[in-house]
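Report on the following structure.
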Amino acid sequence: MTRTLALAALAALPLIATPAAAHDLEREELFAAQHNAMQDDTAWEILRDLTTEVGPRLGGTPAEARARAWAVEQLTALGFANVRVEDYMMPTWVRGHERAHILAPFPQELVLTALGNSGATPPEGLTAEVVGYHDYQAFLDDDPSNQAGKIVFISNQMPRNMDGSGYSMPFGAPRWVGPNEAAKRGAAAIVVRSIGTDNNRTPHTGNTNFEDGVTPIPAAALAVPDAEQLMRIVNRYDEPVKMHLLLTPRQIGEQPSGNVIAEVPGRDPDAKKVMVACHLDSWDNAPGVFDDGAGCAITAAAAKQIMEMGQPERTIEIVWFGAEEVGLWGARAFAEAHDGTDYHVVAESDFGADRVWKVTTDLGEERKAEADALRAALAPLGIASGEYDRAGGADVGPLRAEGAPGLSLRQDGTRYFDLHHTSNDTLDKVDPEQLRQNVAAWTTMLMVMAGPVE
Ligand code: ZN
Ligand code: ZN
């Protein structure tokens, strides 16, 4: 968009000067802030440095502890106030060796990776027959006696879409609930097609959970081409397909983790706060650039933009949650220590580094004018108006359940699940221009939600 067009778009907005529920935001002030954010490389620098100097940072491990120390140092250097860590303990799972090969009828290796909380095979691995299903329902519909003692294989394909809706039920079921169900049915192990949209030999890890009383079985995700290969083999041959599987992850018990918190203090200490959040941990197979180094970089860079303009009315609280991937341990610890009703709004960035395309809010009927003001302010950045009764973010979920209003700046997820939870989630995938658009969007959101900056 050219400057002239952008100004014309802004001039056309009826809601920039808004009712009392949302403060008057001058067009020129808003445009200048968005322009500044679109030139700012702070987010890129945070993302580059975190993912270079810390790298992968699985929750509860020494790598995540290094990330916390790094975060405290960086957030302090950026000039934020009250930078601190809130510690907690969490059960911690670590990956071991992982290998699979077909023994018969067509001997060959397959590429896979263990799911978080997977059980382990014996140290020498296990050999069993494979029983394959095209989707989760077919697995459920089959008699458990056909599955006991076997390696269950579910090859469920997720669709690619902009809003990430393919990462939902039923497409995610094989990973989220398949291992637990297969364990209850007596399966020896389970392998699923990666919940991803790429066609690379980079399997997608991710968490799974077993109910109390269910002994975890070995559970892994095959790379998409390897899942397709295995399904061809299963379909081609009437005789049993035999697989050897080696997975040696371990549960190492309760380990220290922590949420990193920083603030831009507001002028009114009694006003409800605005939270911007991300999760600092990543999976162990990549430096976690899209998931979720980008979210931490975007939210901190936007808060810094506000700090450079002056002091907002409300305190902006930056929370880099310590452990999301392996079970929302950071979110739970935070919600226990804080009260959701202390927040004017909470928002999390955890969907990569591509542009924001839609805003949704869940502020309640009485704050409709504020929700509209936000939409009007974001429109010049190419951001569409979405639902008024919806907001996401896994880490802010427990606070939302306690009554915190929420909003979401929805990112374009078209390519997110090509990279998500794979070893390919690396810095080279980031488009700096789209990353800066995110910072402009979050800066705009803070200008509306945190009150006038003076
Ligand atoms: Zn994430
Ligand atoms: Zn993730």
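The values are calculated or read from the model by the stated rules, or taken from the named source; none is laboratory data. As the structure is a prediction and not an experimental result, all values here were calculated from the model. When we count neighbours, we look across all protein chains shown, and the Cβ atoms used for this are built from the backbone with ideal geometry, even at glycine.
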Quiz prompt | Failed item, numbered, when E228 is tested on (1) touching a residue at least 24 places away in the same chain (Cβ under 8 Å); (2) away from ligand 1 (no atom under 16 Å from the Cβ); (3) outside the structural domain of Y167 (by TED's automatic domain parsing) | solution = (3)
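Report yes if some residue within the range 72-82 is closer than 28 Å to I306 by Cα and among the β-branched types (V, I, T); otherwise report no. Spell out how you get there, then give the answer.
Within the range 72-82, the subset closer than 28 Å to I306 by Cα is 72-82.
Pick out the ones that are also among the β-branched types (V, I, T) and you get 72, 76.
Within the range 72-82, one or more residues are closer than 28 Å to I306 by Cα and among the β-branched types (V, I, T).
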Quiz item: Which residues, counting only those in the range 288-312, are of a type outside the set (A, V, I, L, M, F, W, C) and surrounded by fewer than 21 Cβ atoms within 10 Å (Cβ to Cβ)?
Solution: E308, G310, Q311
Practice problem: Would you mind stating whether E365 is without any contact (Cβ under 8 Å) to a residue 60 or more places away in the chain and not aliphatic (A, V, I, L, M)? | Solution: yes
Quiz item: When you go through (1) modelled with pLDDT under 95; (2) more than 20 Å from the chain's Cα centre (by Cα); (3) exposed (fewer than 15 other Cβ atoms within 10 Å of the Cβ) one by one for S165, which number turns out not to apply?
Solution: (2)
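Looking at the structure I just gave you, is N117 on the phi > 0 side of the Ramachandran plot and surrounded by 14 or more Cβ atoms within 10 Å (Cβ to Cβ)?
On the way: on the phi > 0 side of the Ramachandran plot: yes; surrounded by 14 or more Cβ atoms within 10 Å (Cβ to Cβ): yes.
Here the answer is yes, as N117 does meet what is asked.
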Quiz prompt | Residues located in the range 175-219, provided they are more than 16 Å from ligand 2 (Cβ to nearest atom), within 17 Å of G327 (Cα to Cα) and in contact (Cβ under 8 Å) with a residue 60 or more places away in the chain | solution = P179, F210, P216, A219
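Is it the case that Q108 is over 27 Å from P62 (Cα atoms), in contact with a Pro (Cβ under 8 Å, 6 or more places away or on another chain) and not small (G, A, S)? Quick ask: steps written out before the conclusion?
Details: over 27 Å from P62 (Cα atoms): yes; in contact with a Pro (Cβ under 8 Å, 6 or more places away or on another chain): no; not small (G, A, S): yes.
Criteria not met by Q108.
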Practice problem: Could you please give the count of residues in the range 316-358 that are away from ligand 2 (no atom under 16 Å from the Cβ) and in contact (Cβ under 8 Å) with a residue 60 or more places away in the chain? | Solution: 22
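Residue check: is R84 surrounded by fewer than 19 Cβ atoms within 10 Å (Cβ to Cβ), of a type in the set (D, E, K, R), within 21 Å of V276 (Cα to Cα) and in contact with a helix residue (DSSP H, G or I) (Cβ under 7 Å, 6 or more places away or on another chain)? Break it down into steps so the answer makes sense when it comes.
Values: surrounded by fewer than 19 Cβ atoms within 10 Å (Cβ to Cβ): yes; of a type in the set (D, E, K, R): yes; within 21 Å of V276 (Cα to Cα): yes; in contact with a helix residue (DSSP H, G or I) (Cβ under 7 Å, 6 or more places away or on another chain): no.
Criteria not met by R84.
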Practice problem: Would you please name the residue that is nearest to S118 (Cα to Cα), looking only at residues in the range 130-167 that are touching a Gly at 6+ places or on another chain (Cβ under 6 Å) and free of Cβ contacts under 8 Å to residues at least 60 places away in the same chain? | Solution: I154
Quiz item: Residues in the range 236-289 that are in a loop (DSSP other than H, G, I, E, B) and within 16 Å of ligand 2 (Cβ to nearest atom): how many?
Solution: 9
Practice problem: Looking only at the range 258-307, count how many residues are acidic (D, E) and either away from ligand 1 (no atom under 16 Å from the Cβ) or at pLDDT below 95 (or both). | Solution: 3
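To keep it simple, each residue is scored yes or no on (1) within 16 Å of ligand 1 (Cβ to nearest atom); (2) modelled with pLDDT under 95; (3) touching a Leu at 6+ places or on another chain (Cβ under 7 Å).
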site: T360; (1), (2), (3): no, no, yes
site: A369; (1), (2), (3): no, no, no
site: L381; (1), (2), (3): no, no, no
site: D389; (1), (2), (3): no, no, no
site: D425; (1), (2), (3): yes, no, yes
site: Q434; (1), (2), (3): no, no, no
Quiz prompt | Unmet requirement for R175, which otherwise passes all of (1) in a loop (DSSP other than H, G, I, E, B); (2) among the charged types (D, E, K, R); (3) surrounded by 23 or more Cβ atoms within 10 Å (Cβ to Cβ) | solution = (1)
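I298: touching a strand residue (DSSP E or B) at 6+ places or on another chain (Cβ under 9 Å) and within 16 Å of ligand 2 (Cβ to nearest atom), yes or no?
Numbers: touching a strand residue (DSSP E or B) at 6+ places or on another chain (Cβ under 9 Å): yes; within 16 Å of ligand 2 (Cβ to nearest atom): yes.
Answer is yes for this residue.
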